[in-house]
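S.K.: The structure under discussion is supplied below as structure tokens; questions concerning it will follow.
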Amino acid sequence: MEHINISSDPAVLNQIGKRMARYRLNKNMKQSELAQEAGVSIATVQRAESGESIQLLKLIRIMRALNLMENINALIPEVPVSPLQQMKHQGRVRQRASSYGKQKNIDEWFWGDDK
């Protein structure tokens with residue numbers, strides 16, 4: 001299996017498209033059949049397979065039609081709540097990030113005598 005070059009968005013899209021086409025062909029499906037089963041247009045399937053950007057919802061529909069939904073966990077694994085964060089927040093699960101405690105950007109830096 002060829003690994004995806006994560007430093008290039010077009011390379012990632014291209015590799016996903018190639019893999020999607022391979023799954024479709026392994027199922028002996030035409031693009032039109034996949035499009036109909038997924039509830040998307042043929043143009044969407046063609047764009048996806050050629051490495052062009054498509055909407056996330058349409059990608060999910062295509063993945064479902066190709067029986068690839070179990071791969072969602074590999075795509076974005078579920079992250080457990082940090083026990084330290086839970087203890088810090090008295091058992092509550094964090095809902096948002098905060099800037100508290102982050103260093104502020106300093107626009108200019110001076111030597112002590114340069115002011």
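S.K.: Is it true that some residue in region 68-83 is modelled with pLDDT of 75 or more, surrounded by 11 or more Cβ atoms within 10 Å (Cβ to Cβ) and in contact with a Lys or Arg (Cβ under 6 Å, 6 or more places away or on another chain)?
M.R.: No, region 68-83 has no match at all.
S.K.: What's the total number of residues in region 25-48 that are assigned to a helix (DSSP H, G or I) and not polar (S, T, N, Q)?
M.R.: 11
S.K.: What are the pairs with Cβ atoms under 6 angstrom where one residue, in region 14-27, is in contact (Cβ under 8 Å) with a residue 24 or more places away in the chain and the other, located anywhere, is of a type in the set (Ser, Thr, Tyr) and not in a helix (DSSP H, G or I)? Sequence gap at least six, or different chains.
M.R.: These pairs meet every condition: GLY17/SER50.
S.K.: Across region 1-37, which residue is farthest from the chain's Cα centre (by Cα) among those that are hydrophobic (A, V, I, L, M, F, W, C) and more than 17 Å from LEU75 (Cβ to Cβ)? Full working, then the answer.
M.R.: We begin by selecting, within region 1-37, every residue hydrophobic (A, V, I, L, M, F, W, C); these are 1, 4, 6, 11-13, 16, 20-21, 25, 29, 34-35.
With the extra rule that they be more than 17 Å from LEU75 (Cβ to Cβ), the set shrinks to 21, 25, 29, 34-35.
Values: ALA21: 19, LEU25: 24, MET29: 25, LEU34: 22, ALA35: 21 Å.
Once the filter is applied, the top-ranked residue is MET29.
S.K.: How many residues does region 46-89 hold that are in contact (Cβ under 8 Å) with a residue 24 or more places away in the chain and farther than 25 Å from LYS27 by Cα?
M.R.: 0
S.K.: Here's something else I'd like to know. Looking only at region 3-42, count how many residues are among the β-branched types (Val, Ile, Thr) and loosely packed, with under 14 Cβ neighbours inside 10 Å. First the steps, then the outcome.
M.R.: At the first step, the residues of region 3-42 found to be among the β-branched types (Val, Ile, Thr) are 4, 6, 12, 16, 40, 42.
Right, trim to loosely packed, with under 14 Cβ neighbours inside 10 Å and you get 6.
Total meeting the criteria: 1.
S.K.: Okay, next question. Within region 88-108, identify whether any single residue is surrounded by 12 or more Cβ atoms within 10 Å (Cβ to Cβ), modelled with pLDDT of 80 or more and under 23 Å from the mean Cα position of the chain (by Cα), and answer yes or no. If you could, list the steps in order and put the result at the bottom.
M.R.: So the first thing to find is which residues in region 88-108 are surrounded by 12 or more Cβ atoms within 10 Å (Cβ to Cβ), and the list is 89, 94.
Subsequent filtering for residues that are modelled with pLDDT of 80 or more retains none.
Within region 88-108 (the criterion being surrounded by 12 or more Cβ atoms within 10 Å (Cβ to Cβ), modelled with pLDDT of 80 or more and under 23 Å from the mean Cα position of the chain (by Cα)), the answer is no, since none of the residues qualifies.
S.K.: For region 42-56, enumerate the residues that are more than 22 Å from ILE6 (Cα to Cα) and out of contact with any Leu (no Cβ under 7 Å at 6 or more places or on another chain). Before you say what the answer is, go through the steps one by one.
M.R.: We begin by selecting, within region 42-56, every residue more than 22 Å from ILE6 (Cα to Cα); these are 42-46.
Correct list: ILE42, ALA43, THR44, GLN46.
The values are calculated or read from the model by the stated rules, or taken from the named source; none is laboratory data. Here the structure is a predicted model, which is why all the values come from computation and not from measurement. Positions of Cβ are backbone-derived with ideal geometry, glycine not excepted, and every protein chain shown enters the neighbour counts.
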